[in-house]
1. Among the residues of the range 335-356, which ones are in contact with a helix residue (DSSP H, G or I) (Cβ under 9 Å, 6 or more places away or on another chain), in contact (Cβ under 8 Å) with a residue 24 or more places away in the chain and not aliphatic (A, V, I, L, M)?
2. Return only the number of the condition from (1) closer than 30 Å to GLY220 by Cβ; (2) over 16 Å from the mean Cα position of the chain (by Cα); (3) surrounded by 15 or more Cβ atoms within 10 Å (Cβ to Cβ) that ILE38 does not satisfy.
3. Between residues in the range 148-163 that are farther than 21 Å from ASP100 by Cα and residues that are part of a helix (DSSP H, G or I), which pairs lie under 6 Å by C-beta distance while being six or more apart or on different chains?
4. Residues that are outside any helix (DSSP H, G or I) and farther than 29 Å from LEU140 by Cα: does the range 71-79 have at least one?
5. Run LEU136 past the list (1) surrounded by fewer than 24 Cβ atoms within 10 Å (Cβ to Cβ); (2) closer than 23 Å to THR337 by Cα and report the number of the one that doesn't hold.
6. For the range 139-192, name all the residues that are in a helix (DSSP H, G or I) and of a type in the set (Val, Ile, Thr).
7. Please name all residue pairs, on different chains or six or more residues apart, with Cβ atoms under 7 Å, provided the first residue is in the range 295-314 and is of a type in the set (S, T, N, Q) and the second residue is outside any helix (DSSP H, G or I).
8. Which ones in the range 205-227 are touching a helix residue (DSSP H, G or I) at 6+ places or on another chain (Cβ under 7 Å) and among the charged types (D, E, K, R)?
Amino acid sequence: MMIFTKMVGFAKKNVVLMVAVLAAVITSFIIPPDEQYISYFDFKTLSCLFCVLAVVCALKNINFFYILAQKIVKSCRNIRASILTLVYITFIGSMLIANDMALLTFLPLGYFVLESTGKQRYMAFTFIMQNIAANLGGMLTPFGNPQNLYLYTKYNINDYEFVGIMFVPFAVSVILITICCLFVKKKPLEISEKIESLNKKRTILYAILFVLAIAIVFRGIPYYVGLIIIPIVLLFADRKALKMVDYPLLLTFVAFFIFAGNMARIDAVRNLFSWLLEQNTLLFSAISCQVISNVPSAILLSQFTDNYRELLVGVNIGGTGTLIASLASLITFREYTRHNPTKVKSYIGMFSAFNFGFLIILLIVSSLLFH
């Protein structure tokens with residue numbers, strides 16, 4: 001009974017993984033497993049993602065991001081400055097440690113700031129802005145969002161070209177988020193929490209590992225080198241970090257690789273998706289995210305188009321919109337409802353208004369760029 005309860009709990013917590021596995025199993029009946037299955041998997045993407053997640057977990061265990069953010073927020077004197085700082089920290093964090101990890105790290109800080117200063121009424125707005133910042137901030141770097149890492153590797157996109165493709169949508173996102181936050185009134189704020197100190201030796205060690213992980217992403221070092229060094233070092237330095245890695249996310253990628261690979265071998269599906277993407281890659285990729293989320297959209301649609309520029313932008317801005325458009329949005333929703341279980345409807349209403357507003361504006365801007 002206890003095992004069943006744990007299984008149900010795991011399934012509820014990892015809905016996207018369950019859907020991915022189901023999709024993989026169903027398509028495996030249509031395209032039975034054969035020697036081509038091995039070609040479905042992008043081992044470099046999986047390795048890079050694992051290495052980055054492992055090092056970020058180690059840094060998180062020494063409170064590196066929390067202490068850094070806390071020092072910045074402590075310098076703020078009013079609620080508007082604090083919210084802007086929290087949002088910008090999440091924005092920058094998503095570029096460096098991926099959007100999911102940025103939210104898992106900085107949403108608790110947002111809760112702490114608002115709860116300890118009696119400003120809980122701003123919690124929904126702050127969480128939603130942090131969520132949008134995480135989804136859109138991560139678009140600028142190859143490792144900022146999981147789908148970026150996959151597309152960057154699959155299409156072998158040049159570093160400068162990648163930044164060039166994403167810069168305008170990124171810049172517009174920064175401006176829009178800033179404007180939204182500026183509507184918050186400048187009410188005084190005081191944070192009296194004592195700031196902890198960092199373990200310098202571990203900080204230096206993990207910083208070196210982080211640089212190694214980023215070098216792998218940018219193709220400076222073969223991925224298998226990091227896949228050997230990083231786990232071995234963490235095995236001795238912080239085994240807990242290896243246990244904390246988001247393995248369900250990695251398994252989600254594996255399942256969607258199987259699903260996407262099988263779908264690409266079904267003639268009717270290949271013809272339909274190829275036609276839709278030919279009509280408008282940007283629009284169709286952004287819309288698909290609203291239904292099946294941005295990571296699976298990127299994996300699936302990449303099987304049917306070479307137009308990686310519009311696909312890349314589409315699956316990034318498509319992370320805004322519905323609650324299921326991005327895994328990061330589900331993390332934010334879970335974190336908010338944990339603290340405010342009676343305010344679910346009002347949160348969803350505010351979330352939808354802001355997210356669809358951002359999606360529409362970014363789609364218009366991006367359409368003008370490509371057409």
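1. Once the filter is applied, which keeps residues that are in contact with a helix residue (DSSP H, G or I) (Cβ under 9 Å, 6 or more places away or on another chain), in contact (Cβ under 8 Å) with a residue 24 or more places away in the chain and not aliphatic (A, V, I, L, M), the range 335-356 yields GLU335, TYR336, HIS339, ASN340, LYS343, SER346, TYR347, PHE351, PHE354, ASN355.
2. (3)
3. Cβ pairs passing all conditions: TYR155/TYR308.
4. yes
5. Unmet condition: (1).
6. Once the filter is applied, which keeps residues that are in a helix (DSSP H, G or I) and of a type in the set (Val, Ile, Thr), the range 139-192 yields THR153, VAL163, ILE165, VAL168, VAL172, VAL174, ILE175, ILE177, THR178, ILE179.
7. Pairs that qualify, where the first residue is of a type in the set (S, T, N, Q) and the partner is outside any helix (DSSP H, G or I), are SER297/GLY318.
8. None; the set is empty.
The values are calculated or read from the model by the stated rules, or taken from the named source; none is laboratory data. Quick caveat: nothing in here was measured; it's all calculated off a predicted structure. Virtual Cβ from ideal backbone geometry, glycine too; neighbours counted across all protein chains shown.
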